[in-house]
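Asker: Below is a structure I'd like to ask you about.
No value in this document is a laboratory result; all are computed from the given coordinates. None of the values given here were measured: they were computed from a predicted structure. No Cβ is skipped: glycine too gets one built from the backbone with ideal geometry, and neighbour counts run over all protein chains shown.
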Amino acid sequence: MSDASMADALAGFISRHTGRDASVRSVQRIPGGFSYETWRVEGEWAIDGEFGPGRLILRKAPRGGVLEPYDVTREFRVLQALENTPVPAPRAFWCEPSGDLLGTPFYLMEFVEGDVPLPWSGEIAPAERDAIHRQFTGTLAALH
């Protein structure tokens, strides 16, 4: 599927879920994930009745892969369950579990600024590594 076709399909999907016209200006694959495809989606849509420009993240099951079966619905529900908790997690908006629209199941969630440290991305400075460990430990404590 071309990026333009994906953008059109997503605009229709978001419009159906919000009841307002949506437009998707761009979709861009974000490299470096372990398994799921991750895409940045930019456009204009309504969230909580507020219409305006925004960015979303699309998490899409790949066609085949090492971690099958992929269950985007379960991941989507976990993110929804974390709303209004002290656990830092993006807000999950809409899920399409059938795969009919984009070829495989996906969901859309809030775009959150930040860095994703990947094991193969090079050396992480000791101070940054310590900060990551403290944040990770705090998040684990919040889960329990």
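Asker: For SER35, what is the net charge nearby, where nearby means another residue's Cβ is under 15 Å from its Cβ and Lys, Arg count +1, Asp, Glu -1?
Answerer: Counting the neighbours of SER35, the net charge comes to +1.
Asker: Here is a further query. How large is the convex hull of the Cα atoms of the stretch 4-71 per residue, expressed in Å³ as a whole number?
Answerer: Cα-based convex hull of the stretch 4-71, divided per residue, equals 98 Å³.
Asker: Below 14 angstrom from the Cβ of PRO88, what's the summed charge of the other residues (Lys, Arg +1; Asp, Glu -1)?
Answerer: With Lys, Arg at +1 and Asp, Glu at -1, the net is -2.
Asker: Next question, about the same structure. Quote the charge dipole size of the stretch 3-116 about the Cα centre in Debye, to the nearest 20; the model charges only the Cβ of Lys and Arg (+1) and of Asp and Glu (-1).
Answerer: 160 debye
Asker: Hey, got the Cα dimensions of the stretch 65-106 along the principal axes, in Å, largest first?
Answerer: Principal axes ranked by extent give 34, 23, 11 Å for the Cα atoms.
Asker: Next question. Scale the Cα Rg of the chain by the rule-of-thumb value 2.2 N^0.38 Å and send over the ratio, two decimals.
Answerer: Normalised Rg, Cα atoms only: 1.13.
Asker: What angle, in degrees between 0 and 90 and rounded to the nearest 10, separates the Cα long axis of helix 3-18 from the longest principal axis of the Cα atoms of the chain?
Answerer: Compared with the principal axis, the helix lies near 90 degrees.
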